[in-house]
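Colleague: Starting off with a structure, shown below.
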Amino acid sequence: MNAPVELAALLPHGHDLDRPECVLATAAGDLYVSDSHGGVTRIHPDRTRTRYTGRSGELPGPIVPNGVALEPDGSFLIAHLGDEGGVFRLTRDGRLSPVLREVDGTPLPSTNFVTRDRSGRLWVTVSTRAVPRDADYRPGARSGFVVLDDGRGPRIVADRLGYTNECAPSPDGRWLYVNETFARRLSRFPLRGDGLGAPEVVAEFGPGEFPDGLGMDVDGGVWVVCVVGNKVLRVAPDGAVTTVVDAGEPGYVAEVERAYRTGRMGPAHLRDGGGLLGHCSSIAFGGPDRRTAYLGSLRNGHLTRFDSPVAGVEPVGWHR
């Protein structure tokens, strides 16, 4: 990898977005982002926008989207970050219906992420069982889990994780990669016919490097997006970590690091100090050659894009 991307090369993309935490790219040039108004916003190639929202009688209020997946029929799967949790389907004409509300007989709490693999299996992450969720913004977080629904009934296949965030099946179908935000590590699990094998740690991260979103490139690298530190890291197949983007604010990062170490970290630390990237949270590779990287954000009203030195892999929903 070359030297980190210059900050001047980080360009805004889109406008008037509302918590675009998750971003998806397609071959047609469309981008889809989560929208805290209760759905998904589509950014067309000409930068115009279409918003898809819906309401469900099963929820006391609007859905709170975090992770989003694009289905073959054009509908969206949405991980609901509200207290009720669960995964919902949103159609483009505004119909919202439950897909997964409980697992092993227990209602899902606040739900972080949802994706499908190339075999059509559904993977869902829950960051924490703690209430409130920020009680697990700690080095000792161990209540996150991963759910698999492969048509044989949803079930927990990985548990006691350090604040489970995005997950991604590898293109070769061998591994499920998982970011553990407050354990500050990237882990992976062997993919088996009925679930997952024993985990292994791929990389551990340093001060201010709280892994959130992830993506993969055609050379086998895993790209990890860090909130707080506002960094993009690349983990090579041999586990070596290089910095692709560093837009962190040193004073703010140091203050959050002290709070994290002393058990004082809370929601305010993910509201303040967003800097240029607004607490970057996800990554998608788009453009005709998948060499444009788009970063989602917790705080900005736009995405951020930059030219990637290597192409991303073709995601499951690339041709939708």
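Colleague: Residue check: is residue 93 over 20 Å from residue 298 (Cβ atoms) and of a type in the set (Asp, Glu)?
Modeller: Values: over 20 Å from residue 298 (Cβ atoms): yes; of a type in the set (Asp, Glu): yes.
For residue 93, the condition - over 20 Å from residue 298 (Cβ atoms) and of a type in the set (Asp, Glu) - is met.
Colleague: Here is a follow-up. With the condition being more than 15 Å from the chain's Cα centre (by Cα), I'd like the strands (runs of 3 or more DSSP E) fully within region 1-49 carrying at least 2 qualifying residues. Steps first, answer last, please.
Modeller: Values: elements: 11-13, 23-25, 31-35, 39-43.
Result: 11-13, 39-43.
Colleague: Another question about this same structure. Give 14, 38 a once-over and let me know the one that is modelled with pLDDT under 95, at positive phi and buried (at least 20 other Cβ atoms within 10 Å of the Cβ). First the steps, then the outcome.
Modeller: Values: 14 fails: modelled with pLDDT under 95.
Being modelled with pLDDT under 95, at positive phi and buried (at least 20 other Cβ atoms within 10 Å of the Cβ) holds for just one of 14, 38, which is 38.
Colleague: Across region 45-95, which residue is nearest to residue 114 (Cα to Cα) among those that are without any contact (Cβ under 8 Å) to a residue 24 or more places away in the chain and either touching a strand residue (DSSP E or B) at 6+ places or on another chain (Cβ under 8 Å) or of a type in the set (Val, Ile, Thr) (or both)? Spell out the reasoning first.
Modeller: Restricting attention to region 45-95, the residues satisfying the condition of being without any contact (Cβ under 8 Å) to a residue 24 or more places away in the chain are 45-46, 48, 50-51, 57, 61, 73, 75, 89, 93.
If we keep only those that are either touching a strand residue (DSSP E or B) at 6+ places or on another chain (Cβ under 8 Å) or of a type in the set (Val, Ile, Thr) (or both) as well, we get 48, 50-51, 75, 89.
Working: 48: 26, 50: 22, 51: 20, 75: 14, 89: 11 Å.
Looking at the filtered set, the residue picked out is 89.
Colleague: Output the number of residues of region 247-296 satisfying the condition of being open to solvent by less than 20 Å² (accessible area, probe 1.4 Å), outside any strand (DSSP E or B) and of a type in the set (Ser, Thr, Tyr). It would help to see each step written out before you state the result.
Modeller: Here is the first cut: in region 247-296, the residues open to solvent by less than 20 Å² (accessible area, probe 1.4 Å) are 247, 256, 259-260, 265-266, 274, 277-286, 293, 295-296.
Filter again for outside any strand (DSSP E or B), leaving 247, 256, 259-260, 265-266, 274, 277-279.
Still in the list and also of a type in the set (Ser, Thr, Tyr): 260.
Counting residues in region 247-296 that are open to solvent by less than 20 Å² (accessible area, probe 1.4 Å), outside any strand (DSSP E or B) and of a type in the set (Ser, Thr, Tyr) gives 1.
Colleague: Search region 108-122 for residues that are closer than 17 Å to residue 156 by Cβ and pair each with any residue that is part of a loop (DSSP other than H, G, I, E, B) and open to solvent by less than 10 Å² (accessible area, probe 1.4 Å) when their beta-carbon atoms are under 6 Å apart and the residues are at least 6 apart or on different chains.
Modeller: Once the first residue is closer than 17 Å to residue 156 by Cβ and sits in region 108-122, its partners that are part of a loop (DSSP other than H, G, I, E, B) and open to solvent by less than 10 Å² (accessible area, probe 1.4 Å) give 108/85; 108/86; 109/85; 110/85; 111/85; 111/86; 112/127.
Matching residues to (1) under 19 Å from residue 29 (Cα atoms); (2) in contact (Cβ under 8 Å) with a residue 24 or more places away in the chain; (3) basic (Lys, Arg):
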site: 240; (1), (2), (3): no, no, no
site: 249; (1), (2), (3): no, yes, no
site: 266; (1), (2), (3): no, yes, no
site: 271; (1), (2), (3): no, yes, yes
site: 280; (1), (2), (3): no, yes, no
site: 290; (1), (2), (3): yes, yes, yes
site: 305; (1), (2), (3): yes, yes, yes
site: 313; (1), (2), (3): yes, yes, no
site: 319; (1), (2), (3): yes, yes, no
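Colleague: What are the residues in region 32-79 that are aromatic (Phe, Trp, Tyr) and within 12 Å of residue 91 (Cα to Cα), if any? Don't jump to the end; show me each part of the working.
Modeller: Here is the first cut: in region 32-79, the ones aromatic (Phe, Trp, Tyr) are 32, 52, 76.
The answer is 52, 76.
Colleague: Show the residue pairs that are 6+ apart or on different chains and have beta-carbon atoms under 6 Å apart, the first residue being within region 214-235 and more than 18 Å from residue 292 (Cβ to Cβ), the second being acidic (Asp, Glu) and buried (at least 21 other Cβ atoms within 10 Å of the Cβ).
Modeller: The qualifying pairs are 226/209; 227/212; 229/209.
Colleague: Hey, could you check region 142-173 for residues that are open to solvent by 30 Å² or more (accessible area, probe 1.4 Å) and part of a loop (DSSP other than H, G, I, E, B) and say which is nearest to residue 256 (Cα to Cα)?
Modeller: Per the stated criteria, the residue is 142.
Colleague: In region 186-198, which residue that is surrounded by fewer than 18 Cβ atoms within 10 Å (Cβ to Cβ) and modelled with pLDDT of 95 or more is nearest to residue 291 (Cα to Cα)?
Modeller: This residue is 190.
The values are calculated or read from the model by the stated rules, or taken from the named source; none is laboratory data. A quick note: this is a predicted structure, and the numbers were derived from the prediction, not measured. Quick reminder, even Gly has a Cβ in these numbers, built from the backbone with ideal geometry, and neighbours come from all protein chains shown. We work out accessible area using only protein heavy atoms, side chains counted, and drop any ligands, DNA or RNA first. Shrake-Rupley method; radii C 1.70, N 1.55, O 1.52, S 1.80 Å.
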